[in-house]
Structures are given as structure tokens and as C-alpha cells.
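Report on the following structure.
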Amino acid sequence: MQEDHHPEASATPPRTVLVVGAGGFIGGYLVAALRRHGWHVLRGVRSTGGKPAADERGCDLGRMFSASDWVPLLQDVDAVVNAAGILREQDGQRFEVVHAAAPLALAQACVECGVKRFVQVSALGVPDDGEFVASKHRFDEELLHLPLDAVVLRPSVVYSTSGSYGGTSLLRALAAFPGIQPLPGDGRWQVQPVAAEDLGEIVARAVDSPVRGVYQVAGPEPLSLREYQRQWRRWLRISGERMLQVPEWCVSAAVGIMEVLGRGPVGETMWRMLRRGNVADADMQVRLHSAFGARTRSLSEVLATVPSQVQDRWHAQLYFLAPALRISVAVLWLLSALAGWLTPAEEIERMAAGSWLQAVGPVGFARLGAVVDLSLGLWLLSGWRPRAAVVAMLALLLAYTLAFALALPVLWLDPLGGLAKNLVLLPALAVLWVLSDRR
């Protein structure tokens, strides 16, 4: 961010701003920038069921459709920043609700409570791109018709050297692919990425500004997707710039599958936005400087100021390995369940002969273990609370290892792995537990 002035410390008590969507990728950078500018920030987040932090306020946009739902959160609040959003509709969340109906109720509550400023973080694009953009733009228009001091910011692709989420994580992973760099299509599509830190600075200035209207926020000039990827690969210090062009139909098929499954980093709207080109108007920088006294930096400028570390390469290159590990572990548990059911009873009795397992009914023990293995394998594949599934697998594997080590120690020397493979599986499950934290 090229700044023309720095906020000065004030002797007056800090003003309070409520940031809705503070728990998201972009929201964190907005909170940090507002705090640097001296604001007392209340973070509006969805409740996780635990005790909220002192600066947290519960905001469930899927339920807060009335201004009265928001009034209690606006006591002593001077400004509101709305950065809430969803990339696709799932788990009962709908674009119209999260992007339009609930924010409109919030804005109406701001009018009632006399909140002085409302900053809406929208999205750069056109309604034809899909309901993700269309729903945000519908609210943008309604917001500016309210008797409220409001401004709308429409950022392009938002990235940061300190982290990534959704589509930017995927693009960084593709840039870090070993040996060759897969590229959607021929990489001709234009993007105009903006650093999350620059967006945060502009939001912080917009909260203090009397400016109204709609402002696009993007980097100083468009880049082809090919060049965008090339710059990230160089920043990650990964050798080789050979690119593999993935046919558009292949990417479209993958996006379609992700859309049907309701998961994955890229939905139909993002894919349409990318192919159309996500770029700002030519006078974007001039308007930003005139309104907020700031300009955004180019990707090359941002990457030149922050050196990459080994952790950045780990994150990018583990992106595809994490789901591969999850699937392979789940398949292993399903195969174990199959073996527990198909192994003949006499074979199980023979293996347990002479051990304490013989006294507990080894066949029934094996069949019960198969049911448990099947349940855990399907649980992990479902994607629901994956960390809990991994913890259950760890506990079961430890129990298996201890039980068979005492009952059948000869399995340690089994030429096909036997118990020895658990020495690899236990840390692999621990790694999977860490990688299952996707936010």
C-alpha cells in the first residue's frame, strides 16, 4: 500500500467498529488494519458453541433477518464493516440471505441506532457471473439508497503472502507443483489481484472517510493468469517454469463435480469470473487515491517486500497431499473392515490360538472390529468433523497395537507389515489431524 499519510494517535477514547465476517480470510486483515488505525474492534463471527472472546459478537447471518436482531450488537458502535460472504450455497446457507437479506437488516438497524458509517466489502464482477456476485450487488444498491453514510468497496481477487483461502490456495498449490506447473486453460485470462493488506488499509480509511458510492479495489494493472502463477512460483523459490495446460473442458468438469458435492475451492461462479476476466476500470487507482489517499501495490511489489519461507512451500505443496492422505487412510480402514468380514472363521481361530484372544471369542472380536473400521472409514470420507474422526482412529489404532502386541507379538515380524506398519500410521494420523484444520 502506497500511503500519503499515517493515522495519528488520538487522546480521545477509541471509537468502536463492528466487523461482520471477521472470522473469514479477508475479515482478519480488515480487523488488523482497523486496530492499527486506532479503532476498538468488535469481531462479528458465527458462534462455535464455546465461550466467545471478549471482543467477539455472535452474528449468524442465516438467521438475522430483522433489524431488531441486530440492534443489541450496535450499542455504542460508531461504524460497521460488512465482509461476510459465502462462496457457494451449502449447509442451509443461501446467497440471498447471507449477501442481501441479513446485511439489509443490519443496515436498517444502523439507521435506527444512528451508526455513523457503514462500509460494505462486496465483489468485483458482473451479475451474469452468478448469484455470488449478483446477490452482493443487489445489496450494494439497496444500501446506497438508505439514509445511511455508506460506501461500497468491490475488490478483485484478494491474496496475501501470509496466507490464502479457497481459490487463491488452489492457485498457489498449482504454482508450487513439483516439476511442472498445471495451468487452467492457456492462462490468457486476466486478473487484477489486490493484497489483503492493501484492502484492509483502504477499508480502515473508508471507515474514517465521508465518501459515498461504489469503488473498485484491485492491483494497479491486470495480469494474465499465466504471469500471476509464474510470479508466485518464483516467490516460493521452486525451480522450473514449464507449464502444463489443462483443457478448459477438464477444469469445467472438475468444477461441476465440486459444485455437485458442495465442496472444493472453486465453484461455477468463480470459474465464470476467471474466464471472463476479473479486472477493474482504468480509472480505479485515481478514484481510490482521490477518495482515500491511497493506492494499491502490484503483485511484484508485494512479493518483493516479503521473502518466502519453507513454511510457505509446505502449505502450498501439502494442499493436494492433505486430501490424498485423508482418502488413503479412509480406504485403508475400509479394506481393514473388508478383511475382518471375509477372513474365514477357522483362520481367525488359528491365528488366535494360544493367546488371550482365544478366550474372548476371536471371530466375534474380528467381526466387531470390522464394523468399527467400516464406520470410521465412512466417517472420515464424509468430511464431517474430520478431526474427531482422526482422533477416534488414533485411539482405535493404539488399542489394536497394544492388544496385538501383547497377544500376538510375532506380528511385529510379519513380512507384510503386520504391526510394524502402525509405526508409520500413528504419526501419519497425527499429521492428518493437523492438516484437517482447513481454516
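Spacing of the modelled spin labels on residue 241 and residue 212, each 7 Å from Cα toward Cβ, amounts to 4.9 nm.
Identify the residues of region 372-390 with backbone N under 19 Å of a label point that sits 7 angstrom from the Cα of residue 437 along the Cα-to-Cβ direction, or state none. The answer is 384-390, whose backbone nitrogens lie closer than 19 Å to the label point. The charge dipole of region 70-137, taken about its Cα centre with unit charges on the Cβ of Lys, Arg, Asp and Glu (plus for the first two, minus for the last two), comes to roughly 160 debye. Solvent-accessible surface (1.4 Å probe) assigned to residue 310 amounts to roughly 60 Å². Largest first, the residues 51, 136, 421 sort by 1.4 Å accessible area into 51, 421, 136. The longest stretch of the chain left intact once loop-based chymotrypsin sites (Phe, Trp or Tyr not before Pro) with at most 16 other Cβ atoms within 10 Å are removed from consideration, loops following DSSP, is 66-383.
With θ taken as phi - 60° and the Karplus curve 6.51 cos²θ - 1.76 cosθ + 1.60 applied, the whole-hertz 3J(HN,Hα) list for region 317-325 is 7, 7, 4, 7, 6, 4, x, 5, 5 Hz, x standing for glycine and proline. Scanning the chain for GluC sites (Glu not before Pro) lying in DSSP loops with no more than 13 further Cβ atoms inside 10 Å, the longest uninterrupted stretch between such sites is 9-240.
State, as an integer percentage, the relative contact order of region 60-168 based on alpha-carbon contacts under 8 Å between residues 6 or more apart.
Numbers: 157 pairs, mean separation 30.2, N = 109.
Contact order relative to length: 28 percent.
Ignoring aspartates and glutamates fewer than eight residues from residue 421 along the same chain, the ones with Cα atoms less than 18 angstrom from its Cα are 373. When a 1.4 Å probe is rolled over the protein heavy atoms, the share of accessible surface on region 37-194 that falls to carbon and sulfur comes to 51 percent. Going 7 Å from the Cα of residue 401 toward and past its Cβ, which residues in region 407-439 have a backbone nitrogen under 11 Å from where you end up? Residues 419-430 qualify, since their backbone N sits under 11 Å from the label point. When the chain is described by a simple charge dipole with +1 on each Lys and Arg Cβ and -1 on each Asp and Glu Cβ, the residue from 354, 299, 388 located farthest towards its positive end is 354. I want the antiparallel fraction of DSSP beta bridges within the chain, as a percent rounded to 5. So the antiparallel bridges amount to about 15 percent of the total.
For residue 160, the residues 5 or more places off, or on other chains, whose built amide H falls under 5 Å of its own are 196.
At 1.4 Å probe size, with every protein chain present, just tell me what the per residue accessible area of the chain comes to in Å². Display every interim value, and only then the final one.
On the way: 21200 Å² over 439 residues.
Value for the chain: 48 Å² per residue.
If you take all other residues with their beta carbon under 14 Å from the beta carbon of residue 365, and give Lys and Arg +1 and Asp and Glu -1, the sum is -2. The trypsin sites (Lys or Arg not before Pro) of region 145-234 that meet both conditions, a loop assignment by DSSP and at most 11 other Cβ atoms within 10 Å of the site Cβ, are 188. Nonpolar atom fraction for region 354-406, defined as the carbon and sulfur part of the 1.4 Å probe accessible area, stands at 77 percent. What the Cβ-Cβ distance of residue 353 and residue 391 gives, at R0 = 35 Å and to the nearest 0.05, is a FRET efficiency of 0.55. Put simply, the amide H of residue 294, placed in the peptide plane, has neighbours under 5 Å in 289, leaving out anything fewer than 5 places away on its chain. The charge dipole of the chain, taken about the Cα centre with unit charges on the Cβ atoms of Lys, Arg (+1) and Asp, Glu (-1), comes to about 700 debye, rounded to the nearest 20. Distant-in-sequence amide contacts of residue 183, defined by a placed amide H-H separation under 5 Å and a gap of 5 or more residues or a different chain, comprise 244, 245, 246. The lysines within cross-link reach of residue 116, meaning a Cα-to-Cα straight distance under 29 Å and a gap of 8 or more places when in the same chain, are 136. In this rough spin-label picture, where each label sits 7 Å from Cα along the Cβ direction, the residue 371-residue 224 distance is 6.1 nm. Working note: 222 nm ellipticity from helices only, DSSP H runs with n ≥ 4, each -39,500 (n - 2.57), summed and divided by the residues of the chain, gives -15500 deg cm²/dmol to the nearest 500.
With θ taken as phi - 60° and the Karplus curve 6.51 cos²θ - 1.76 cosθ + 1.60 applied, the whole-hertz 3J(HN,Hα) list for region 421-427 is 5, 5, 5, 8, 5, 4, x Hz, x standing for glycine and proline.
Mean-square fluctuations from a GNM of the chain, with a 10 angstrom spring cutoff on Cα atoms, peak among 348, 26, 327 at 348. The HN-Hα couplings worked out from phi for region 392-404 by the Karplus form 6.51 cos²θ - 1.76 cosθ + 1.60 (θ = phi - 60°) are 4, 5, 4, 4, 5, 5, 4, 5, 4, 4, 5, 4, 6 Hz, whole numbers, x standing for Gly and Pro.
The values are calculated or read from the model by the stated rules, or taken from the named source; none is laboratory data. Since this is a predicted model, take the numbers as computed values, not measurements. Using ideal geometry, Cβ is built from the backbone for each residue, glycine included, and neighbour counts are taken over all protein chains shown. Each accessible area value is taken on the protein alone, full model and side chains, heavy atoms only, with ligands, DNA and RNA left out. Shrake-Rupley method; radii C 1.70, N 1.55, O 1.52, S 1.80 Å.
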